[in-house]
1. Tally the residues that are open to solvent by 50 Å² or more (accessible area, probe 1.4 Å), not charged (D, E, K, R) and not in a loop (DSSP other than H, G, I, E, B), restricting the search to the range 52-76.
2. Out of all the residues in the range 82-89, is one or more in contact with a Phe, Trp or Tyr (Cβ under 8 Å, 6 or more places away or on another chain), touching a residue at least 60 places away in the same chain (Cβ under 8 Å), under 22 Å from Ala257 (Cβ atoms) and open to solvent by less than 40 Å² (accessible area, probe 1.4 Å)?
3. Taking the criterion of being under 22 Å from Pro332 (Cα atoms) and modelled with pLDDT of 90 or more, would at least one residue in the range 64-73 satisfy it?
4. Only residues in the range 397-422 that are closer than 18 Å to Ile384 by Cβ count as the first member; pair them with residues that are surrounded by fewer than 19 Cβ atoms within 10 Å (Cβ to Cβ) and among the hydrophobic types (A, V, I, L, M, F, W, C), Cβ under 8 angstrom, at least 6 apart or cross-chain, and list the lot.
5. Taking Met67, is it touching a residue at least 24 places away in the same chain (Cβ under 8 Å), touching a Gly at 6+ places or on another chain (Cβ under 6 Å) and not charged (D, E, K, R)?
6. Is at least one residue of the range 291-312 closer than 30 Å to Gly33 by Cα, free of Cβ contacts under 8 Å to residues at least 60 places away in the same chain, assigned to a helix (DSSP H, G or I) and more than 27 Å from the chain's Cα centre (by Cα)?
7. Among what's in the range 397-422 and is outside any helix (DSSP H, G or I) and at pLDDT 90 or above, pick the residue that is least open to solvent (accessible area, probe 1.4 Å).
8. Looking only at the range 38-51, count every residue that is outside any loop (DSSP other than H, G, I, E, B) and in contact (Cβ under 8 Å) with a residue 40 or more places away in the chain and tell me the total.
Amino acid sequence: MSLLEWLAIAVTILTVYALIKRLETRLVLFTAGFVLCLVSMDPLSALNSFAKSMTNNSLVMAICSSMGFAFIANYTQCDRSLVHYLAAPIRGLGVFLIPICTAVTFFINIAIPSAAGCAAAVGSTLIPVMLRAGIKPAAAAAAVMGGTIGSYLSPGTSHNPFVAEMAGIDVMDFIAFHAMWSILCGVILVVGLLVVCMFLGDHKGEKVDVEAQKSDNFKPNPIKAIMPLVPITILVVGNVWLPVIKMGVAQAMVLGAVITLLVGFAFDRTNPQEFSKQFFNGMGKGYADVMGIIIAAGVFAAGLRATGLIDTFVDVLKHSNDIARWGGSLGPWIMGTITGSGDAATMAFNEAVTPHAPEFGMEIKALGALAFLTGALGRTMSPIAGAMVVVAGIAMANPMDVAKRTALPCTVAVFVLALFMV
């Protein structure tokens, strides 16, 4: 290995350390990539990568429109109505509240793909229900946290359009490719959390009298509860059963927003001007937070390529499919666990390594999906993840105690994916 490649390894270690210390993700990735390009005497590579990622049509459309829709679902309280009606039938089920709440969160997370946003919306309703039933706080929080991998199946999750474009396939086709494995991960979390919590006696806690969401004047509405599911329904029906309504993610999100506005105006006289502001604020937030990480990860990958480290790494992978399998699963998983984010490590891996998958006998969509799924599992068992802090705060539990309950099922899911997915 050359001196530049050793320098790249040192910078990568420093990057990981900076992410562990919770420094700003985009700043860390951009700085590391730009420095590597500078020492490689190729600073333009970093700038070109930045510019190219900024104008990635398919990613910008899918991610920004999805975030815009998420904002107006929250603004109109359609997301709270959805959670309310899904939670109502499960009250009084005792220990089985744990797996059912995990499954409900998984389902809702498809419609509300932000892990932290879903955790806040779902946790504020389901966690008090579990506490009233005698479920211990850490277990109640873990039940909701375990379901925040449901975004695997959402077209609005950044990794789905990102890998789909790389593989040259439609977003819905990519989701269909990994759907079985995503659902399997959900099943492992549902069953695994129940087993762990029963082993720890988490269903034998004292019943707690908790008043949830009674401080405001929120009134659930069954029609509004359907609204978060409209874009996903359009996409699934159009791609599977009714080709005449087949459309892209952005088009489905905008159509869903229009229908939500009509429903909101009919029931609550929703202000169209404020509605519009919320939608475009969400689009801007999507570009800043999600596209920002993608752009910065692209610069970091450009720096690694400029030093020659990527070429060396790919040469190693060419000689062993097993190395690629374990590197693509354990790497993003470990990084997701120690940094609290499954996005940064997964984006960097998929940007730098996944395009070379055919060179070592793998499919781009398979390796990309493997990294994406395991990175999210790492985040789900990280005590410093944003969603973990949210659910632990609602339950008034220690995030580390919550992570102890999600860790075993997540670890099992990672090894199942690594062994059988590719």
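1. Of the range 52-76, the ones open to solvent by 50 Å² or more (accessible area, probe 1.4 Å) are 52, 54-55, 57, 61, 71, 74-75.
Okay, now just the ones that are also not charged (D, E, K, R), so 54-55, 57, 61, 71, 74-75.
Now restrict to residues that are not in a loop (DSSP other than H, G, I, E, B): 54, 57, 61, 71, 74-75.
The total comes to 6.
2. Within the range 82-89, not a single residue is in contact with a Phe, Trp or Tyr (Cβ under 8 Å, 6 or more places away or on another chain), touching a residue at least 60 places away in the same chain (Cβ under 8 Å), under 22 Å from Ala257 (Cβ atoms) and open to solvent by less than 40 Å² (accessible area, probe 1.4 Å).
3. no
4. Once the first residue is closer than 18 Å to Ile384 by Cβ and sits in the range 397-422, its partners that are surrounded by fewer than 19 Cβ atoms within 10 Å (Cβ to Cβ) and among the hydrophobic types (A, V, I, L, M, F, W, C) give Pro399/Ile384; Pro399/Val389; Arg405/Leu200.
5. Considered against the rule, which asks whether it is touching a residue at least 24 places away in the same chain (Cβ under 8 Å), touching a Gly at 6+ places or on another chain (Cβ under 6 Å) and not charged (D, E, K, R), Met67 comes out as yes.
6. yes
7. Across the range 397-422, the extreme among qualifying residues is Ala397.
8. The initial filter retains those residues of the range 38-51 that are outside any loop (DSSP other than H, G, I, E, B), namely 38-39, 43-51.
Of the ones still in play, those that are also in contact (Cβ under 8 Å) with a residue 40 or more places away in the chain are 39, 45-46, 48-50.
Qualifying residue count for the region: 6.
The values are calculated or read from the model by the stated rules, or taken from the named source; none is laboratory data. Being a predicted model, the structure only gives us computed values, none of them experimental. So basically every Cβ, Gly included, is an ideal-geometry build from the backbone, and we count neighbours across all protein chains shown. In case anyone asks, the SASA skips ligands and DNA or RNA and just uses the protein heavy atoms, side chains included. Shrake-Rupley method; radii C 1.70, N 1.55, O 1.52, S 1.80 Å.
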